[in-house]
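Here is the structure we will look at, set down as structure tokens.
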Amino acid sequence: MKITDIKLGNISVPLKKPFKTALRTVESVEDVIVKIETDTGNIGYGEAPPTGVITGDTTGSIIGAIEDHIKKYLIGMDIENMEEIMLRLDKSIVNNTSAKAAVDIAIYDLYGQLYNTPVYKLLGGYRKEIVTDITISVNAPEEMAQDSIEAIDKGYKTLKIKVGDNATLDIKRMQAIREAVGYDVDLRIDANQGWNAKEAIYTLRKMEDAGLNIELVEQPVKAHDLKGLKLVTDNINIPVLADESVFSPRDAITIMQMGAADLINIKLMKTGGIHNALKICSIAEIYGVECMLGCMLESKVSVTAAVHLATAKNIITKIDLDGPILCSEDPIDGGAIFEDYKIRLTDDPGFGFKDIHGVNYIEY
């Protein structure tokens, strides 16, 4: 099974509600689709979202990285030579993790097809079904409380609450949500780098004193501020999850050696795909650090790949893969099955994609 061509296209999927964080507001998923063709007729699909405020990747840079750099390194490669493919992918261009992730995902899709096996079984096969949280966008306290109630009514047991744009208001937001949903629901908060270290410690201690029972706080400070991240971790009781601070296996090792965070959030668009994400899982196993598997605003293509990784590994204990759930439609035939908070896999080879509707492929 040899790679004969790599085609690129754009897909647009509207969201049910605007997605708001401390960094941005988004109303639709606008992603790049990768289609890898082979001499056997097998097709592998991948996806990359342009998340410039986090990864630095834009639609243009993703397309340019693949078309001008990555593609020429992979045409003619045999899918069974996975190690060589991944070495070439990594060396083809510096950074550009979203572009690499999209190609990596398509390669793993073909790798599963080559052996007529779902990818999660090739990666470890720990389980076949997982439960995700759902994200509550940052808004006025009463609106966030109402959104939280609606999520609980759909069966969600864990909510990820976006905060970080106003520390004083963040406390009121969490109080309103906790009062609305009670204490049988787990609340995670994600500041998206919105606080400095002192502000984070003050805000989180206030939440602790108020008895809000926060499960974890995600990326309370700027991505580069590892000393600040450690300061927060050392001075609050709420477990700290590093997200934007962790792109590579080297980043993960640094944070674990420093004790800068209690948990690690793995996202394929940060790691450059499954290949490097597996390395982070191995590092986390060595250090005994549990991981979350998260996503950006992505459709079912790349999130299905993340589901396969999440189901494969025991070290991944927390799931934040609600991207497709936030979309108002699903243009992908096949892949993981999303039933509100439950996500399950089929035994179809690879990632099980049949077709993707509405892709505008680029002609060169």
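Pop the C-beta distance of ARG24 and LYS354 into the FRET formula with R0 = 45 Å and round what comes out to the nearest 0.05. Before the final figure, lay out each step's value.
Details: r = 32 Å, r/R0 = 0.72.
Once the sixth-power term is evaluated, E becomes 0.90.
Tell me the Rg and the Dmax, in Å, that the Cα atoms of the range 240-364 produce.
Answer for the range 240-364, Rg first and Dmax second: 15.5, 49 Å.
Suppose we keep just the alpha-carbon trace of the range 1-70; what are its Rg and Dmax in angstrom?
Rg and Dmax of the range 1-70, Cα atoms, are 14.6, 46 Å.
Please give the peptides 340-352, 301-313 ranked by average Cβ packing (other Cβ atoms within 10 Å per residue), highest first, as a rough proxy for protection.
Values: 340-352: 19.1, 301-313: 28.2.
Highest to lowest by the protection proxy: 301-313, 340-352.
Can you list the lysines whose alpha carbon is less than 16 Å from that of LYS222, not counting same-chain residues fewer than 8 positions off?
LYS162, LYS198, LYS230, LYS270
Given a 10 angstrom Cα cut-off, can you work out which residue in VAL103, VAL185, VAL131 is the most mobile in a GNM of the chain?
Fluctuation is largest for VAL185.
Taking the Cβ of each residue in THR38, THR271, THR317 as the centre, tally the other Cβ atoms inside 10 Å and list the residues starting with the fewest. List each step's numbers first, then the result.
Values: THR38 19, THR271 25, THR317 12.
Taking fewest neighbouring Cβ atoms as first place, the list is THR317, THR38, THR271.
How big is the dipole moment of the range 30-121 about its Cα centre under a simple scheme where the beta carbon of each Lys and Arg is +1, that of each Asp and Glu is -1, and everything else is neutral? Debye, nearest 20, please. Walk me through the numbers on the way to the answer.
Details: 7 positive and 15 negative charges, 22 e Å.
Charge dipole of the range 30-121: 100 debye, to the nearest 20.
When a/c reaches 1.5 or more, the comparison of a/b and b/c decides; with that in mind, is the range 42-174 rounded, prolate or oblate per its Cα gyration tensor?
On the way: a/c = 3.65, a/b = 1.74, b/c = 2.10.
Oblate.
Restricting to Cα pairs below 8 Å that are 6+ residues apart, what does the relative contact order work out to for the range 106-254? Please round to a whole percent. Mind showing how you got there, number by number?
Details: 219 pairs, mean separation 25.7, N = 149.
Over the range 106-254, the number comes to 17 percent.
Quick one: what are the phi-derived ³J(HN,Hα) couplings along the range 253-268, Karplus 6.51/-1.76/1.60 with θ = phi - 60°, whole Hz, x for glycine and proline?
Coupling constants for the range 253-268: 4, 4, 5, 5, 5, 6, x, 6, 8, 8, 9, 10, 9, 9, 10, 4 Hz.
Please find the FRET efficiency linking SER248 to ALA140, where r is the Cβ-Cβ separation and R0 is fixed at 51 Å, and quote it to the nearest 0.05.
Numbers: r = 37 Å, r/R0 = 0.74.
It comes to 0.85.
About the Cα centre of the range 169-234, what is the dipole size in debye to 20, counting +1 per Lys and Arg Cβ and -1 per Asp and Glu Cβ, all else neutral? Write out the running numbers ahead of the final one.
Numbers: 10 positive and 12 negative charges, 61 e Å.
Rounded to the nearest 20 debye, it is 300 debye.
So between ARG127 and THR59, what do we pick up on full extension, going 0.36 nm a residue minus the alpha carbon distance?
Values: separation 68, 0.36 × 68 = 24.48 nm, distance 3.42 nm.
Result: 21.1 nm gained on full extension.
Sort 319-327, 85-93 for me by packing, meaning the mean count of neighbouring Cβ atoms within 10 Å per residue, highest on top.
Values: 319-327: 22.9, 85-93: 17.3.
Highest-to-lowest ranking by the protection proxy: 319-327, 85-93.
With 5 Å bins from zero, work out the P(r) of the range 216-257 over every alpha carbon pair and list the percent per bin.
5, 25, 38, 24, 7, 1
Determine, for the range 36-150, the count of lysine pairs separated by eight or more sequence positions (or lying on different chains) whose alpha-carbon distance falls under 25 Å.
Working: LYS71/LYS91; LYS71/LYS100; LYS72/LYS91; LYS72/LYS100; LYS91/LYS100; LYS100/LYS121.
For the range 36-150, the number of qualifying lysine pairs is 6.
From the P(r) of the range 46-105, could you give the percentage of C-alpha pairs in the tail past 15 Å?
Details: 775 of 1770 pairs.
Here the long-distance tail beyond 15 Å is 44 percent of all Cα pairs in the range 46-105.
With a Förster radius of 35 Å, plug the Cβ-Cβ distance of ILE75 and SER12 into 1/(1 + (r/R0)^6) and report the FRET value to the nearest 0.05. Present the calculation step by step, with values, prior to reporting the outcome.
Values: r = 28 Å, r/R0 = 0.80.
Given R0 = 35 Å and the Cβ-Cβ separation, E is 0.80.
Among ALA151, THR55, THR40, whose Cα lies farthest out toward the positive end of the dipole of the chain, if unit charges sit on the beta carbon of Lys, Arg (+1) and Asp, Glu (-1)?
THR55
At 7 Å along Cα-to-Cβ for each site, give me the label-to-label distance between ASN314 and ILE149 in nm.
Once both label points are built, they end up 4.3 nm from each other.
Once both labels are modelled 7 Å past Cα along the beta-carbon direction, what's the ASP5-VAL94 spacing in nm?
Result: 3.4 nm between the two label points.
Residues with amide H under 5 Å of VAL29's amide H, sequence separation 5 or more or different chain, H placed in the peptide plane at 1.01 Å from N; which?
VAL13, LEU15
Using the C-alpha atoms of the range 197-274, what convex hull volume per residue, in cubic angstrom, is computed?
Numbers: hull volume 6.1 nm³, N = 78.
Once divided by residue count, the hull of the range 197-274 is 78 Å³.
What is the distance in Å between the Cα centres of the range 61-108 and the range 177-214?
Each part's Cα centre sits 40 Å from the other's.
Quick one: the Cα spread of the chain along its three principal axes, in angstroms, biggest first?
Principal extents (largest minus smallest coordinate, Cα): 62, 41, 37 Å.
Assuming 0.36 nm per residue, please report the length gained on full extension of the stretch ASN235 to ASN213 beyond their Cα-Cα distance. Write down the numbers at each step before the final one.
Values: separation 22, 0.36 × 22 = 7.92 nm, distance 1.63 nm.
Extra length available between ASN235 and ASN213 comes to 6.3 nm.
So if each residue of separation counts as 0.36 nm, and I subtract the Cα-Cα distance between SER282 and LYS206, what length gain in nm does that give? Intermediate results must be reported in sequence, preceding the final value.
On the way: separation 76, 0.36 × 76 = 27.36 nm, distance 3.56 nm.
Gain in length upon complete extension: 23.8 nm.
So, with +1 on the Cβ of K and R and -1 on the Cβ of D and E, and no other charges, what is the size of the charge dipole of the range 159-205 about its Cα centre, to the nearest 20 debye?
Here the range 159-205 has a charge dipole of around 80 debye.
A short reminder: the numbers here are calculations on the coordinates, not readings from a lab. Worth saying up front: this structure is predicted, and the values here are computed from it rather than measured. All Cβ positions, even for glycine, are placed from backbone atoms using ideal geometry, and neighbour counts span all protein chains on display.
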